[in-house]
2 protein chains.
Amino acid sequence: MAFELTKELTEEIKGLIVAGNVEKLSEFHDNLHFADIAEILEALNIQEATYLVKTLEAEKTSDALMELEEDFREDILKNLSAKEIAEEIEELDTDDAADILNELPQERAENVISEIEDESHAEKIVDLLRYDEDTAGGLMAKELVQVSENWTVAECLNQIKVQAEDVKRVHSIYVVDDTNKLKGRLSLRDLMVSPNDFSISQIYIPKVDFVTVNTESDDVARVMQKYDLEAIPVVDERGKLVGRITIDDIVDYIKDEAEKDYQMAAGISSDVEADDSIIELTKARLPWLVLGLFGGLGSVYIMQGFEEALQHFPILFFFTPLIAAMAGNVGVQSSAIIVQGLANDNVKGSLWDRLVKEIGLSLINGIALGILVILFGLVVGQPPMVTLTIALSMLLVIIFAALIGTFVPIILDKRGIDPAIATGPFITTSNDIFGIFLFFYISKLILGF
Amino acid sequence: MAFELTKELTEEIKGLIVAGNVEKLSEFHDNLHFADIAEILEALNIQEATYLVKTLEAEKTSDALMELEEDFREDILKNLSAKEIAEEIEELDTDDAADILNELPQERAENVISEIEDESHAEKIVDLLRYDEDTAGGLMAKELVQVSENWTVAECLNQIKVQAEDVKRVHSIYVVDDTNKLKGRLSLRDLMVSPNDFSISQIYIPKVDFVTVNTESDDVARVMQKYDLEAIPVVDERGKLVGRITIDDIVDYIKDEAEKDYQMAAGISSDVEADDSIIELTKARLPWLVLGLFGGLGSVYIMQGFEEALQHFPILFFFTPLIAAMAGNVGVQSSAIIVQGLANDNVKGSLWDRLVKEIGLSLINGIALGILVILFGLVVGQPPMVTLTIALSMLLVIIFAALIGTFVPIILDKRGIDPAIATGPFITTSNDIFGIFLFFYISKLILGF
């Protein structure tokens, strides 16, 4: 089962493209899963990939198109005519079709829609375009199997055979009343183990999880994950069944969100990849570096204020990177734990408890690290008073950094701001500045320069 | 559908526990999903939670137990007798049952197994215990629906009705030969739209994705995600069907892995949560802080080597936190992008291309940041030569840090080591030291102190 895209295979396909051997290429595609075809497309250049998409039947390439990186897909679509895009879209489920149309410029999207031959498919897609991408409406597909509560098991089985032709995976069967209001669901298993003359109203499960078209994607993912759902029906404001969301889209969503959080923590805004252009990468990275630079210049300014220490205690200036690193690392650790806790909804207890805990934790870490600093001082023969001053002020910096790292995300969260922005460069930079200030301020108090 | 655990509800349940009102508690549970019951359990203390698990029927609590944080579940299990745990396990799917047994001490697990009344269930669970937790064998469940290639559609439908009683979600039906070798799969849809007298061998899909018991969890997740699978069969070394893995377990796995990567990048080893004990949090955090401390002490040592600069260019020492921050931030950005690219298998092109790209990117960022440093120098009236030296050496530090951040993960990956360990504190610390050394070395070359 393991498909592996070898250099040889890529070369062979490139050769077939040059030779224009459509028959052989088509044969290749017949034996591969669309996800594998997508891998092949990505190994080709735009011209070659476009050739394949244009030449092969849409049935074989449409799903593969959906698996491509967005940028690459857009480049291919640019080379296709509205009619050619419409042909691909005819083969796609409504949710994927709507995603493709959303990626096109307004006017071009309209041209493509007018080229779709299947009126009912086009109507469904247009309906989906109304919804915000970050809502259940933006995630759902129109393909689903629904039955009336008034049918019998036998009628239902027959109807399902018809409806299921259009639906790749059946999952649940949704039960509606005469006005299309969602009443419940029917598990395939229950249907299959029930006598044929039972009425659906006797066997359907009236308790059904659902979301409305306006539910945010984040909440959809949370509900589906919490209740281990593989599909969830979507209703409109009046409770009428309008679509369903399947778990494969949610898996992709969860992964994308995790990657975004990870990038945010690493100081990368907007979703970029290693192979994006230098301009795109710069746009995502430079702003955070500028933030860091301002932090660094802030430290310069602070140290200039403690310039008199240069004369008697220059050693203090050798320790500033250590202090900044400690403040940064502790802050990032604390914020990462809290941000994850908030995301998973398992930050319990009062703010006071948390304060006591963070201080306790910082004391243990700070004292352990302080002992190492003192040992270092003894080994290199630093003046004991200076070493003690460094160790003590480092301890206070660590406590301070832990509190900032813990409470800034909590406060942001309470104000309805995504706490994840408080991780990474933001917390590191502010902790650098405050840490260095605190370090010199305490040193000055003790050493009296 | 939205269940929300209010303070009032928690209090009410605590009250019912104190009053020993089993009937009312049982009623509560009947109306809730197990994931909601798990939320309630986590809002209680161990004694209260244990009381609920002991008092209510296992049918109602077993699935909720699986949703709890591992630590909390272990605490509850400690308070249960082997017989009580066995009762919970009887209600669980084999994969969850095996997970629970894996959490128990060896001897206790054996006692529990001997208390399981359903022999065949116990046997299946024991069989699962043989597999490593990080493999398909460790993830799979024994519950599945399988049919023989020699049956007819009608026979198959009857058999499925029997087998499906034990299986919560049917997904695919797996087709085997007489020796139980996996031959293919049968989609429920195909089965339902086929005439009753067709033979299974006429309608089954011989191409089926599968994994073997020894496939690593990571690869299982990748395959299921790539091919949008909702379940995948697992075969043993001889190709015989032994279990299946469902997507809900993979969703949990993907989320856990993303959290681990995120924590690793933040300098937190082992999976901890905001509500873990101070000792556990310290164990996860202190080692990385010690690493950072050694890095800081390394910087102290390096700066002592450039002590003579103190006399004429003390300003350089004010800039060390800025240099360290830039080196750290750039390194973290570069490594995060590469680590994600490696995980998603989309780092293409040669090492040489990547080298050129990183240098180009660093030049753009470094020059932009250098201009800001020069502006700062002009505003505060620094000697121009010093400002230029700082800007130039910062540029070189940025290039250097980007290269380290990019190539260390690539090298680790080529050697089969998880590149994620190169993110976070590791890269920050080494970049701090090298960055500061480079900064002073170049300054010395130019300014000649």
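Of everything in region A:236-258 that's part of a strand (DSSP E or B) and surrounded by 22 or more Cβ atoms within 10 Å (Cβ to Cβ), which residue is modelled with the lowest pLDDT?
Narrowing region A:236-258 to residues part of a strand (DSSP E or B): A:240-246.
Add one more test, that the residue is surrounded by 22 or more Cβ atoms within 10 Å (Cβ to Cβ), and what stays is A:242-246.
Values: A:V242: 95, A:G243: 94, A:R244: 94, A:I245: 94, A:T246: 90.
Ranking the qualifying residues of region A:236-258, first place goes to A:T246.
Only residues in region A:262-291 that are of a type in the set (K, R) count as the first member; pair them with residues that are assigned to a helix (DSSP H, G or I), Cβ under 7 angstrom, at least 6 apart or cross-chain, and list the lot.
Cβ pairs passing all conditions: A:R285/B:Q333; A:R285/B:N365.
Test of understanding: among A:D63, A:D71, A:D95, which residue is touching a residue at least 40 places away in the same chain (Cβ under 8 Å), within 14 Å of chain B (Cβ to nearest Cβ), under 26 Å from the mean Cα position of the chain (by Cα) and surrounded by 21 or more Cβ atoms within 10 Å (Cβ to Cβ)? Please lay out each step first, then the result.
Values: A:D63 fails: touching a residue at least 40 places away in the same chain (Cβ under 8 Å); A:D71 fails: surrounded by 21 or more Cβ atoms within 10 Å (Cβ to Cβ).
Selected residue: A:D95, the only one of A:D63, A:D71, A:D95 that is touching a residue at least 40 places away in the same chain (Cβ under 8 Å), within 14 Å of chain B (Cβ to nearest Cβ), under 26 Å from the mean Cα position of the chain (by Cα) and surrounded by 21 or more Cβ atoms within 10 Å (Cβ to Cβ).
Pick from region B:380-413 the residues that are of a type outside the set (A, V, I, L, M, F, W, C) and buried (at least 24 other Cβ atoms within 10 Å of the Cβ): which of them is nearest to the chain's Cα centre (by Cα)? Walk me through how you get there before you give the answer.
In the first step, residues of region B:380-413 are kept if they are of a type outside the set (A, V, I, L, M, F, W, C); the result is B:381-384, B:387, B:389, B:393, B:405-406, B:409, B:413.
Cutting the leftovers down to buried (at least 24 other Cβ atoms within 10 Å of the Cβ) gives us B:393, B:405-406, B:409.
Working: B:S393: 39, B:G405: 23, B:T406: 23, B:P409: 19 Å.
For region B:380-413, the residue satisfying everything is B:P409.
Could you give every pair whose Cβ atoms fall below 6 Å, whose first residue belongs to region A:220-246 and is more than 9 Å from chain B (Cβ to nearest Cβ) and on the phi > 0 side of the Ramachandran plot, and whose second residue is in a strand (DSSP E or B) and among the basic types (K, R), counting only separations of at least 6 or pairs across chains?
Close Cβ pairs satisfying both conditions: A:G239/A:K181.
Mind checking which residues of region B:258-299 are over 18 Å from B:E74 (Cα atoms), more than 7 Å from every other protein chain (Cβ to nearest Cβ), under 22 Å from the mean Cα position of the chain (by Cα) and not aliphatic (A, V, I, L, M)?
Matches in region B:258-299: B:K260, B:S269, B:K283, B:P287.
Enumerate the pairs (first residue in region B:98-125 and closer than 19 Å to B:L139 by Cα; second residue anywhere and among the hydroxyl-bearing types (S, T, Y)) with beta-carbon separation below 8 Å, excluding pairs fewer than 6 apart on the same chain, so at least 6 apart or on different chains.
What qualifies is B:H121/B:T94; B:K124/B:T94; B:I125/B:T94.
Can we say B:T423 is modelled with pLDDT of 90 or more, more than 11 Å from B:M326 (Cβ to Cβ) and crowded, with 16+ Cβ neighbours inside 10 Å? Spell out how you get there, then give the answer.
Details: modelled with pLDDT of 90 or more: no; more than 11 Å from B:M326 (Cβ to Cβ): yes; crowded, with 16+ Cβ neighbours inside 10 Å: yes.
Here the answer is no, as B:T423 does not meet what is asked.
Filter region A:147-184 down to the residues that are within 25 Å of B:L229 (Cβ to Cβ) and modelled with pLDDT of 90 or more and list them by number. Write out each step before concluding.
First, pick out the residues of region A:147-184 that are within 25 Å of B:L229 (Cβ to Cβ): A:160-161, A:163-174.
Within region A:147-184, just A:Y174 meets the criteria.
Regarding B:V300, is this residue in a helix (DSSP H, G or I), out of contact with any helix residue (DSSP H, G or I) (no Cβ under 6 Å at 6 or more places or on another chain) and within 30 Å of A:L403 (Cβ to Cβ)? Give the steps one after another, and end with the answer.
Values: in a helix (DSSP H, G or I): yes; out of contact with any helix residue (DSSP H, G or I) (no Cβ under 6 Å at 6 or more places or on another chain): no; within 30 Å of A:L403 (Cβ to Cβ): yes.
No, not satisfied.
Exactly one of (1) modelled with pLDDT of 90 or more; (2) crowded, with 18+ Cβ neighbours inside 10 Å is unmet by B:V290. Its number?
Only one criterion in (1) modelled with pLDDT of 90 or more; (2) crowded, with 18+ Cβ neighbours inside 10 Å is unmet by B:V290, namely (2).
So how many residues does region B:126-140 have that are touching a residue at least 60 places away in the same chain (Cβ under 8 Å), touching a Leu at 6+ places or on another chain (Cβ under 8 Å) and not in a loop (DSSP other than H, G, I, E, B)?
The number of residues fulfilling the criteria is 2.
For A:G416, which of the numbered conditions (1) within 26 Å of A:A258 (Cβ to Cβ); (2) surrounded by 20 or more Cβ atoms within 10 Å (Cβ to Cβ) fails to hold?
(2)
Let me confirm something: among B:F319, B:F306, which residue is more than 7 Å from chain A (Cβ to nearest Cβ), touching a residue at least 60 places away in the same chain (Cβ under 8 Å) and closer than 30 Å to B:G377 by Cβ?
Numbers: B:F319 fails: more than 7 Å from chain A (Cβ to nearest Cβ).
Checking each option against the conditions leaves just B:F306.
For every residue, the table says whether it meets (1) touching a residue at least 12 places away in the same chain (Cβ under 8 Å); (2) within 19 Å of B:G296 (Cβ to Cβ); (3) part of a loop (DSSP other than H, G, I, E, B).
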position	(1), (2), (3)
A:L378	no, yes, no
A:A391	yes, yes, no
A:L395	yes, yes, no
A:G416	no, no, yes
A:F426	yes, no, no
A:F449	yes, no, yes
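Kindly establish whether A:I442 is at pLDDT 90 or above, under 21 Å from A:G298 (Cα atoms), within 44 Å of the chain's Cα centre (by Cα) and surrounded by fewer than 21 Cβ atoms within 10 Å (Cβ to Cβ). Before you say what the answer is, go through the steps one by one.
Numbers: at pLDDT 90 or above: yes; under 21 Å from A:G298 (Cα atoms): yes; within 44 Å of the chain's Cα centre (by Cα): yes; surrounded by fewer than 21 Cβ atoms within 10 Å (Cβ to Cβ): yes.
So A:I442 fits the description; yes.
If you scan region B:149-179, which residues turn out to be in a strand (DSSP E or B) and closer than 25 Å to B:D118 by Cβ?
Step one: filter region B:149-179 for residues in a strand (DSSP E or B), giving B:152, B:173-176.
B:I173, B:Y174, B:V176, listed by residue number.
Within region B:327-374, count every residue that is among the charged types (D, E, K, R) and facing chain A (nearest Cβ under 7 Å). Before you say what the answer is, go through the steps one by one.
Let us first name the residues in region B:327-374 that are among the charged types (D, E, K, R), namely B:345, B:348, B:353-354, B:357-358.
Then drop every residue that is not facing chain A (nearest Cβ under 7 Å), which leaves B:348, B:357.
Of the residues in region B:327-374, 2 are among the charged types (D, E, K, R) and facing chain A (nearest Cβ under 7 Å).
Pull up region B:185-213, narrow it to residues that are out of contact with any Phe, Trp or Tyr (no Cβ under 8 Å at 6 or more places or on another chain) and touching a residue at least 60 places away in the same chain (Cβ under 8 Å), then point me to the one that is surrounded by the most Cβ atoms within 10 Å (Cβ to Cβ).
That would be B:V211.
The values are calculated or read from the model by the stated rules, or taken from the named source; none is laboratory data. The structure presented is a predicted model; accordingly, all values stated were derived computationally and were not measured. Reconstructed Cβ throughout: ideal geometry from the backbone, glycine too, with neighbour counts over all protein chains shown.
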